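What follows is a short report on a single structure.
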Amino acid sequence: ADANQQSPAPSPAPASSHGSGATTSESTSANGNGSGEEQENCGVDSNAAAITDNIGQVPAPSLEGMSWTYKGDSNFDPCATLSYATVEQSEQGNAQFQNQLMLFHKGEYLGVGSDTVQQHQVIGTTDDSVTVRYKDYEALDAAGGSNAEASNFTTDVTFRWDGSQVVPEGRFPNMGMQ
C-alpha cells in the first residue's frame, strides 16, 4: 500500500480499534459550557492527571516486556483545541527506542497520533495543531545508510483539529516495516 494513501489518525479513546480518525462526543465539561471552572485552569500543565490517567489507553509498545513512561514532554492545556503528551518505552537500550504521541482536545484524551509506534520529536505546536518529525527508516534503508545516519532521514507530519476530529497532514514513514 502507498504510505501517502494511509491515514493513521488518532484512535478514539478508550475503545480504540484502528486509526480511522478520532472524533469526540460533545463535552460540556471541557468546552467552557459549564460553570466556567475550566477557564480558570487554562494554561500548559505538563503534570496534568489527564496525561497519566490515560497512559493505559495507549497501545502497548511493540517490544515485549516494555511499557510506556511519561517524562514531562507535553504542552497539555485543558483549554487548547489540540495539545499533546509524549510517552516513551520504559527501557531504552539503543537509538531504536519507541515513543508515542498522545493527543488531547480541550483536555479530553483522543488517542494516539499513529497506530504505528515509531520515533518522533515534536517540532511545533499551535492552538489547533501539533507537528512532529518522525525518523524515516524506510528512506534510510532505501539510501543504504547506517543507523548512525538516521537523523538525516526524517518526515514531518502535522496533526490538525478540523472542528470535529484530528486530520494528519503529511506522509507517515515506516508503514511498510511493520
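The values are calculated or read from the model by the stated rules, or taken from the named source; none is laboratory data. Just so you know, these numbers come straight off a predicted model, no measurement behind them. Note: ideal-geometry Cβ built from the backbone for every residue, glycine included; neighbour counts use all protein chains shown. For accessibility, only protein heavy atoms count, side chains too; no ligands or nucleic acids. Shrake-Rupley method; radii C 1.70, N 1.55, O 1.52, S 1.80 Å.
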Heavy atoms only, probe 1.4 Å: what % of the accessible area of region 66-178 goes to carbon and sulfur, would you let me know? 42
What nm value, rounded to one decimal, do you get for the distance between ARG160 and THR81 when each label is placed 7 Å out toward the C-beta? 0.9
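For region 114-162, take the convex hull of the Cα atoms, compute a quarter of its surface area, and give me that in nm², please. Could the numbers behind the result be given before it?
Details: hull surface 15.7 nm².
So the Cα hull casts an average projection of 3.9 nm².
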For region 91-178, the Rg and Dmax computed from alpha carbons only, in angstrom: 13.9, 43
Once a ≥ b ≥ c are taken as the square roots of the eigenvalues of the Cα gyration tensor of region 47-139, is the result rounded (a/c under 1.5), prolate (a/b larger than b/c) or oblate (a/b not larger than b/c)? oblate
Solvent-accessible heavy-atom area per residue, rounded to whole Å², over region 85-177 at 1.4 Å: 42
Per-residue accessible area for MET66 at 1.4 Å probe radius, Å² rounded to 10? 50
